[in-house]
1. Can you name the residue in the range B:192-210 that is of a type in the set (A, V, I, L, M, F, W, C) and part of a loop (DSSP other than H, G, I, E, B) and is also surrounded by the fewest Cβ atoms within 10 Å (Cβ to Cβ) among such residues?
2. Can residue B:21 be described as away from every other protein chain (no Cβ under 14 Å), touching a residue at least 12 places away in the same chain (Cβ under 8 Å) and in a helix (DSSP H, G or I)?
3. Could you please give the count of residues in the range B:163-189 that are in a helix (DSSP H, G or I) and under 17 Å from the mean Cα position of the chain (by Cα)?
4. Take the range B:115-153 and flag every residue that is assigned to a loop (DSSP other than H, G, I, E, B) and touching a residue at least 24 places away in the same chain (Cβ under 8 Å).
5. What number of residues in the range B:158-176 are out of contact with any helix residue (DSSP H, G or I) (no Cβ under 7 Å at 6 or more places or on another chain) and of a type outside the set (Gly, Ala, Ser)?
6. Sort out which residues of the range B:200-210 are in contact (Cβ under 8 Å) with a residue 12 or more places away in the chain and either out of contact with any helix residue (DSSP H, G or I) (no Cβ under 7 Å at 6 or more places or on another chain) or closer than 17 Å to residue B:148 by Cα (or both), and write them in order of number.
7. List the pairs whose first member sits in the range B:173-199 and is on the phi > 0 side of the Ramachandran plot, whose second member is assigned to a loop (DSSP other than H, G, I, E, B), and whose Cβ atoms are under 6 Å apart, counting only residues at least 6 apart or on separate chains?
8. Go through the residues of the range A:144-157 one by one and say whether even a single one is touching a strand residue (DSSP E or B) at 6+ places or on another chain (Cβ under 8 Å) and at pLDDT 90 or above.
Amino acid sequence: MNATAVTPAQAGAHTTQIWAWLGAIPDPEIPVISIVDLGIVRAVRVSADGGCDITITPTYSGCPAMQVIADAITEALQARGVRPVRLHTQISPAWTTDWMSETGKAALKDYGIAPPAQRVIDISRLRTGAAAAISRRAHPAHPAHPAHPAHPAPTVACPHCGSTHTEITSQFGSTPCKALYRCLDCREPFDYFKCH
Amino acid sequence: MDDKVNYLLRLGDNALILSQQLSRWCGKGPALEEDMALTNVALDLLGQTRLWYDYAAELEGAGRDEDALAFLRDAHEFKNCLLLEQPNGNYADTLMRQFYFDTWHYFLIEGLTRSADPRIAAIAEKSLKEVTYHLRRSGDLIVRLGDGTDVSHAKTQAAANALWMYSGEVFAYDTVDEAMVAAGIAPAAADLRAQWLAHVDEVFTEATLTMPPADAWMQSGGKQGRHSEHLGYILAEMQFLQRAYPGATW
């Protein structure tokens, strides 16, 4: 696209096109899901100079893939003639797995990663009840496995056989966004994409 | 130095030094799951460090960036609390240090989500879910170790006692902290301390551990740059590359 005047209609069509191009960029760590389906791309704005502004948000503060993602976006768009590509990182509102698309969740499941099983931590509730969010007192009968009333353990379905008879083996998996589970029916271990 | 820059550096330094310490467990964890968990926590803390440093560097306007702040300051310029530079020790030592820190960090970050400074509030909002997860994990492990075998109980109690004198510095507010409270940027010490004591007491009770006396004498000085010898060794390893090969990049 050249740096000539862009009409609103053209800009709208172009924005849709850019979203489509971004939707083809895989997440570097979980390549079956695109960065759009993961909810990392927050805004696309076509500017009058023929370039565009892309706003992205990190999944976790320390996500090591952010630079790779930024580079991939710039490369993909420049290869299609969009320039300049200006990238902005926005941390608020904080990324949440609620922004993951249904397409993305289905792709994760097909890949063998159980998708997030519930809505995320409710920040507003944390704000009004900081202690309640981490309280262990509610379940004295099961001191070894305290449940958190504000955050009941999710029912995670095995991505291989569909059984919900599963248990957590580790709170962290191969990346910060995942936990390790195992299926007690088909006996397969699997990754679970944590609610966040 | 501007109070806010100073405060931001304290937040960043706490996260960075603990991140560096946890990273030293990489490949040496007592179980694969623990190895991954500690390094994931380290990664979260490193990401938070960058957010604090970025903002501090911007406000400072002295041409320093996050790398300069991490790699080109000497021990007396670091403002982390003494707790975070205590050695990794055995696994109970590492987890108790983490639990004391996580408990404070959780209530602090939760308070900072209401900060009068919108950028600090945004960073806190971003960090809160990570920090909540860290605290649930370290609390669970303290219970498992404390209410575990005789050996794990003894080691966990010993760690609780040994690190106790370093747990109070975060609540010892100086003029920098008080300026942040007055400006509505940071939560007051008394509230945080009450929340901290209540949660530690709750977890220790479940873990069959004895909480040392709340009015015990506490070490301090880290926030003002007066550190134990441990920090020098940590920095020597962390900063080696940039010191030996200035400006080296990947």
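The values are calculated or read from the model by the stated rules, or taken from the named source; none is laboratory data. Everything quoted here is computed from the prediction, not taken from an experiment. For neighbour counting, all protein chains shown are included, and Cβ atoms are generated from backbone atoms with ideal geometry for every residue, glycine included. These accessible areas exclude ligands, DNA and RNA; they are computed on the full protein's heavy atoms, side chains included. Shrake-Rupley method; radii C 1.70, N 1.55, O 1.52, S 1.80 Å.
1. Restricting attention to the range B:192-210, the residues satisfying the condition of being of a type in the set (A, V, I, L, M, F, W, C) are B:192, B:194, B:196-198, B:200, B:203-204, B:207, B:209.
Narrowing the set further to residues that are part of a loop (DSSP other than H, G, I, E, B) leaves B:207, B:209.
Numbers: B:207: 25, B:209: 23.
In this case the residue turns out to be B:209.
2. Values: away from every other protein chain (no Cβ under 14 Å): yes; touching a residue at least 12 places away in the same chain (Cβ under 8 Å): yes; in a helix (DSSP H, G or I): yes.
So residue B:21 fits the description; yes.
3. Narrowing the range B:163-189 to residues in a helix (DSSP H, G or I): B:163-164, B:169-171, B:175-182, B:189.
If we keep only those that are under 17 Å from the mean Cα position of the chain (by Cα) too, we end up with B:163-164, B:169-171, B:177, B:189.
Result for the range B:163-189: 7.
4. B:115, B:116, B:117, B:147
5. 4
6. Applying the first criterion (in contact (Cβ under 8 Å) with a residue 12 or more places away in the chain) to the range B:200-210 yields B:200, B:203-204, B:206-210.
Those that are in contact (Cβ under 8 Å) with a residue 12 or more places away in the chain and either out of contact with any helix residue (DSSP H, G or I) (no Cβ under 7 Å at 6 or more places or on another chain) or closer than 17 Å to residue B:148 by Cα (or both): B:203, B:204, B:206, B:207, B:208, B:209, B:210.
7. Qualifying pairs under 6 Å: B:184/B:116.
8. Looking through the range A:144-157, at least one residue is touching a strand residue (DSSP E or B) at 6+ places or on another chain (Cβ under 8 Å) and at pLDDT 90 or above.
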